[in-house]
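The values are calculated or read from the model by the stated rules, or taken from the named source; none is laboratory data. From a predicted model like this one, the values you see are computed outputs, not experimental measurements. Counting neighbours? That spans all protein chains shown, and the Cβs are built from the backbone with ideal geometry, glycine included. Note: areas computed on protein heavy atoms with side chains; ligands, DNA, RNA excluded. Shrake-Rupley method; radii C 1.70, N 1.55, O 1.52, S 1.80 Å.
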Amino acid sequence: MPPPKDVVKIAIQMVGAIPQLIELQQTKPLASVLKDVCDAWSLPNAERYALQYADGRQTYITESNRRDIKNGSILRLTTSPDQEAERLYIGIQSKNVDVKTDSLKKLASLSQDVTFAQEFISRNGLKQIYSIVEEGNDTGEMLAHTLKAFTELMEHDFVSWENLSTVFIKKIVSYVNMNAVDASIQQLSLSVLENMVPTSRLLFELVKKEVTLDRLLTHLQATNAELQLKAMALLIALLLSATDAERRDMMDYLREKNLRQFIHKNIIHSSEPLGDEMAHYLYVLQSVSLNLCEHRMKTSMDPYSQEQRDLLQSLRQTAFESESEVSAGSFSTERRRSLCAKEFRKLGFMNNSNPAEDLRRAPPGLLALDNMVYFSRNTPNTYSRFVLENSSREDKHECPFARSSIQLTLILCEILHIGEPCSETAQAFYPMFFGQDHFFEELFCICIQLVNKTWKEMRATQEDFDKVMQVVREQITRTLSLKPTSLELFKTRVNALNYGEILKLRQTERLHQEETLAVPVLELREKLKPELLELIRQQRLLHLCEGTLFRKISSRRRQDKLWYCRLSPNHKVLHYGDVEEGVQSPPIESLPEKIPVADMKMLLVGKECPHTKEKSSGKQNKDVLELAFSIVHDVEEYCLNFIAPTRYEFCLWTDGLNVLLGKEMTSERTQTDLDVLLSMELKLRLLDLENISIPDNPPPVPKPPSNLNFCYDFSHAEQ
């Protein structure tokens, strides 16, 4: 008979004593449980003790988290959080260096626990931390433990960052700005400043003033990868917290200091593999840089702006320079106006009498004009050839330069997500972005020539404009998905992906997606589905057995602890636990926490998950919502919360958990895998029927012949 739900069987250890095996009554007050445990070991003053997990993060057991205890858990009897907080509070004030160092080291470790942190902070412990830093007498290991403890204590959000004194902040800044400081202290100081910057405008301005961009660039060029990462984290925090004008100034300064070239050479093409954190920061840096185009993209052309009208006229003059010079002196004003309108029509403007009207649409707004001007000024020969070549064609076959440029600019803005906020988790940056100054404009120059090339390959007319631009969008998107490392490589690959290749790719994809509608084939599909679904179920369970590395995302910063979860080979228990950075596939024995599959009640996804509802900001990050899922187990109040690293992992894990719960697999990946397997199986089974039409209805069975008589008379044989 299984034990009641409110009873868990656990072991309790204590140094120098024989462990106790008890049945913990979850309805019994924790104080009473502790008294029973202490009485069994003849320990007085039970209120001075507490229970904590013996393995993993060694969290203290409280009334609020006791429901997390599972059958088979190993707990340890230890000093209560208030007693430990009091002891360490005194220890960090000791005149004995060894005692003080050991106390700070222990404090840095215990401060991860919210119960202990609350007790320590309630004793005004942070004030002592401030004093140690502000006095500046302690350096080396002692200071590193102090900064680590401070970071962990602030992580619990009991105290506002705005309460920090200017002296304390400037001391932290000094560790960043000094050369003769241990790298570990500089890393912790950078991490403190990174967490501080987003919390208030005042703190942002103080850090921005005290930690110069030059100093951050010095740290970025360090050989220490962790120091480099923390410096990049602070730089990104400053950029995200800045106003638009400040961000533009900062990016201009970083461009002058050749940050892009350094990243391209020493980070992207480093001999060391690029970590997830650095990949995310490079994505954010790329996004911030591209979003500088947002203002121009959303600004319509002002027909009364002389500067904008001059830019527009420069397009016409560059393309038809000799003709313009002749017309200026030979014709009347009316004739010149008529000639200008004709030239704007040749440039491909829809409204040739007032071309500014074409640029009133925002987006792409003035960004399209900027791109056209950049193309005409930086590659004047190519620009003139484009315009003149098309103006000499028949009207119906000319490729309109201006109209194409406006639409192409809009397409590039959509593909590169210009004007969209940065994702908290994305890592998809383009290596070639950091390999080229004026990336967006140079990309436009390549793609507008691609438009002309594709237009000719399709033998397009004006009515085919939208079709051509759809093909161009596909060419750009497919090429970008290959992650070319330079614009030259992008240019080579996108030009190789001509209209003929696009048609072949579309046909191949169509064949993969097509369903044969013959009734016998549809019946065969239905018969094959159960077998193939079982195959997918087994694959999902195998993936869960292999396990996955998950990342915990805190409310304030992205980087946090890593943990691993995997299913036991017999599919009966989920094992999980915290792991260190760099661990790929920890053995199942090293994962201390476990959940019996029999105790799993429900799977929650997206907005239903408790850890997505807990977000205090109110802004639900779309990426996190799409990757979040939770297992409700044992009692409905407790959930194990996940944020999958990718959409692929999300699909496999939610499918696998649904299989364990005896439910249908519901992810989009299931349908995709099933379609692929069905398509392959059908093709294999129908190989012998190639080029043979399959009738919708089976042929009629003929009537038996009149002489059909297979009855054998055994009586004659016996004689």
Name the single residue, out of those in segment 116-132 being of a type in the set (Val, Ile, Thr) and buried (at least 21 other Cβ atoms within 10 Å of the Cβ), that is modelled with the highest pLDDT.
Ile129
Going by what's in this entry, would Ile22 be described as aliphatic (A, V, I, L, M) and in contact (Cβ under 8 Å) with a residue 40 or more places away in the chain?
no
Among the residues of segment 368-381, is any hydrophobic (A, V, I, L, M, F, W, C), closer than 17 Å to Ser287 by Cβ, in a helix (DSSP H, G or I) and in contact (Cβ under 8 Å) with a residue 40 or more places away in the chain?
no
Verdict on Lys35 being at pLDDT 90 or above, exposed (fewer than 14 other Cβ atoms within 10 Å of the Cβ) and more than 40 Å from the chain's Cα centre (by Cα)
no
Note on Asp157: of the conditions (1) modelled with pLDDT of 90 or more; (2) open to solvent by 80 Å² or more (accessible area, probe 1.4 Å), unmet is (1)
Flagged in segment 282-311 as farther than 20 Å from Phe440 by Cβ and not acidic (Asp, Glu), in numbering order, are Pro303, Tyr304, Ser305, Gln306, Arg309
Mind listing just one residue for me: the one in segment 486-516 that is of a type outside the set (A, V, I, L, M), modelled with pLDDT of 90 or more and in a loop (DSSP other than H, G, I, E, B) and, of those, nearest to Leu674 (Cα to Cα)?
Asn498
Kindly indicate whether any position in segment 194-212 is in the same structural domain as Lys170 (by the TED database), outside any helix (DSSP H, G or I), at pLDDT below 95 and closer than 23 Å to Ile263 by Cβ.
yes
So which residues in segment 10-36 are under 19 Å from Asn65 (Cα atoms) and either of a type in the set (A, V, I, L, M) or touching a Cys at 6+ places or on another chain (Cβ under 6 Å) (or both)?
Ile10, Ala11, Ile12, Ile22, Leu24, Leu30, Ala31, Val33, Leu34
Qualifying residue in segment 460-471 (condition: in a helix (DSSP H, G or I) and at pLDDT below 90):
yes
Going by the structure shown, is Arg337 open to solvent by 80 Å² or more (accessible area, probe 1.4 Å) and in a helix (DSSP H, G or I)?
yes
Cross-chain or 6+ apart pairs with Cβ under 6 Å, segment 223-250 first and among the hydroxyl-bearing types (Ser, Thr, Tyr), then buried (at least 19 other Cβ atoms within 10 Å of the Cβ)
Ser241/Val197; Ser241/Phe204
Over segment 606-622, the set of residues surrounded by 15 or more Cβ atoms within 10 Å (Cβ to Cβ) and either under 20 Å from Glu420 (Cβ atoms) or at pLDDT 90 or above (or both) is Asn621
In segment 51-96, anything part of a loop (DSSP other than H, G, I, E, B) and farther than 25 Å from Val7 by Cα is listed as Ile92, Gln93, Ser94, Lys95, Asn96
Check Met350 against each of (1) of a type in the set (A, V, I, L, M, F, W, C); (2) farther than 30 Å from His264 by Cβ; (3) crowded, with 16+ Cβ neighbours inside 10 Å and name the one condition it does not meet.
(3)
Whichever residue in segment 228-271 is among the small types (Gly, Ala, Ser) and farther than 19 Å from Thr212 by Cβ and, among such residues, is modelled with the lowest pLDDT:
Ser271
Just to be sure before I move on: is Glu424 within 24 Å of Ala402 (Cα to Cα), open to solvent by 50 Å² or more (accessible area, probe 1.4 Å) and in the same structural domain as Phe375 (by the TED database) in the structure I sent?
no
